[in-house]
Every structure is written in structure tokens, then in C-alpha cells.
Amino acid sequence: MRLPSVIRSAYQPPLVRDNCFSGSLNIMEHLITAFTDHLWLQERLSDNTLAAYRRDLEKTAVRLSECGLDFLSAQSSDIAAAVYVESEQPRSQARALSACRKFYRWLEENGQRSDNPCRDLKTARQGRTLPPVISEQQIDILLSAPDTDTPHGLRDKALLELMYACGLRVSEAVKLRIDEVGLENGIVNTIGKGNKQRIVPLGEEAAYWLERYISEARPMLLKGKSCDYIFVSQKKTGISRQLAWMIVSNYAAAAGIRHLSPHGLRHAFATHLVNHGADLRVVQMLLGHSNITTTQIYTYVADERLKRVVDTFHPRR
């Protein structure tokens, strides 16, 4: 069981060291820690999400402190000035405002504020950001890049095939355990954001490479050691998110694909399903989106692709 940050602080440093804080900043740091502990205990948010909340709130705290303010004394205009900073992208501003809204709601519920200064603040309008389109031909080149005659190459091949076949987040892929993959029935049982469980079909190609990796390469990498995670490194432990990023990025570069991340494979999974006529509700379930509006972006990706095809090949264009 993972420990709350109040307890974990004895074992690992906080994201912002206490010596960076003094006076009101130190008080705000304690409030942020209590808030993130609350989110972990009540909402079971992931470490990455909690870290994002903490970063945004700490950045806001520093800006308030520079004006002689803190979270308990700041008014709506003060929060706006701390969030709507010209050097920040609209997406970053929106994320910071969302963190502040949730934080002040918690302060209200706990009687530390009688109002929520974020209640009437509006999120800056953002343009729709479409994920980059990776063609099926590019995916074929990418998946052919690893040298499957080596243990690391076979591992990387299995990882790439799995992420594309199932649309897994990088955190889901690296935390996948042996007992969560059913090679015989072709399913993956994964835990996504908010500790939500979902079952995703594996597919024959990914199952084939996973089976080969597990039986041939994984024992060679572990060298007699035991590990619950499927994907392991030469350190005989599960691979990290950073290593998974490097694997995807390096093979993408070798395949001539620019700026492809693990999340890009997830986008490709969803986009290619929609392109081939998959129902949006099915794609939503496979991706583990709680809201269908999040999934709808892939219909825009498909629409943009169709427009380009028409513009390129229609004789009257």
C-alpha cells in the first residue's frame, strides 16, 4: 500500500524543498501537502496527477508570495494575476486554474475559507489541439524496427506491439504484471487513471510477440531473479516510464518518425480504429476515458484526414 505524503516525506523529499519556503510560503506548502494527501486518500489519484496538482499550486503560491499574499488572504483578482501569466501557454493556465478551483473547494469544505475566489474565473479559450496523425504504414515500419534476435530487441518489440494493440498509457504498460495478461484468451486487465480497471483485447500479433518475449527474452534479462512486472530491464526490475519513452522515441527516430511518444502510439491506436469505422463508445471503453467528449477528438482527426484525401485526389479541387 502506498503511503500518504505526510508519511512518505520521511522516505523521500517533497517536490519543492522546504528550504525554498519561508513564512507564508511555508504555511502554503503545508496546506498543499494536506490537500494532496486528501486527494490521495479520498480520490485515489495517481502519483503523476498528484505531482501535477502540487507543481501548479506551488507555482501559484510563489507568485502570491511575491505580492505579499497567501492562499487564505488572496482574492479573485489575485488568483487571476497568479494564474493568467503571459509567459504560460493557455493549456498551462487552464490546468493551474483547475488545480486552484479544486484546492479552494477543499479549503471551503474544511472551513479555512468562507468563499472560493476561483468560482467566477473563466478558463482561457484554447484552440483544439489535434494529436499528430501517424499512418498505419509508419506504424508498420516502427514495429519492424527492433532486432528480435536479441533479448532487449524482443522485449522492445513486445512492448511496442502491446501499446499499439491495446492503446495503453505508458504508466499502464510499465506497471503491467504477469498475472494481468491472458495470452490464452487474448485479454489485458489493466488499471488506469483513478485506479479504474478495464479489460482490453490483446490481438493475435501482440499476443504472439508477448509470448515469445516472456518465454525467451524475459528469463535472460532476469537471470534467475523474480519480478512481477512483465517488462523488465537489465537491472532485473520493471522498466521505468522514462525507459519506455526512450524505447519508443529511439525506434521512432530510426523509422524516420519525428516526435513520437508512447502517448502517440495510444493516439494511433484510437485514430486507426475510428478510421476503420469503430464505434466511438467502444473506443471510449478501450481507452478508459470517463467522458465521451475526450474520445471525440479522434473523430476530428479522422475528419481532417478525409479532408486532406479529398483535397489531394479529387479532380475538381
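Here are the numbers for the structure shown:
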{"quantity": "Label-point separation in nm, N185 to D140, each point 7 Å along Cα→Cβ", "calculated": "3.4"}
{"quantity": "FRET efficiency estimate (nearest 0.05) - Cβ-Cβ, A278 to S46, R0 25 angstrom", "calculated": "0.40"}
{"quantity": "Under Karplus coefficients 6.51, -1.76 and 1.60, residue-wise ³J(HN,Hα) of the stretch 62-78 in Hz, glycine/proline x", "calculated": "4, 5, 5, 4, 5, 9, x, 10, 9, 4, 7, 9, 5, 9, 4, 5, 5"}
{"quantity": "Three-way shape label, the stretch 129-248, alpha-carbon gyration tensor, a/c 1.5", "calculated": "rounded"}
{"quantity": "Cα-Cα over 20 Å, subset of K196/K235; K122/K193; K175/K236", "calculated": "K196/K235; K122/K193"}
{"quantity": "Using θ = phi - 60° and Karplus 6.51 cos²θ - 1.76 cosθ + 1.60, couplings along the stretch 272-282 (whole Hz; Gly, Pro as x)", "calculated": "5, 5, 5, 4, 8, x, 5, 5, 4, 5, 5"}
{"quantity": "In sequence order, calculated HN-Hα J values of the stretch 158-174 (Karplus, 6.51, -1.76, 1.60; Hz; x Gly/Pro)", "calculated": "5, 5, 4, 4, 5, 5, 6, 5, 10, x, 6, 5, 4, 5, 5, 5, 6"}
{"quantity": "Length gained when the stretch S233-E88 is fully extended (0.36 nm per residue, less Cα-Cα span)", "calculated": "48.5 nm"}
{"quantity": "Exposure proxy ranking, count of Cβ atoms within 10 Å, fewest first, for S77, S65", "calculated": "S77, S65"}
{"quantity": "For E205, E180, E172, order by how many other beta-carbon atoms lie within 10 Å, fewest first", "calculated": "E205, E180, E172"}
{"quantity": "Cα shape, the stretch 226-300, gyration tensor, a/c 1.5 rule", "calculated": "oblate"}
{"quantity": "Relative exposure of V200, V85, V188, judged by other C-beta atoms within 10 Å (fewest first)", "calculated": "V85, V200, V188"}
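Laboratory data are not the source of any read-out in this text; all were calculated from the coordinates shown. Remember, predicted model here, so these are calculated numbers, not experimental data. Positions of Cβ are backbone-derived with ideal geometry, glycine not excepted, and every protein chain shown enters the neighbour counts.
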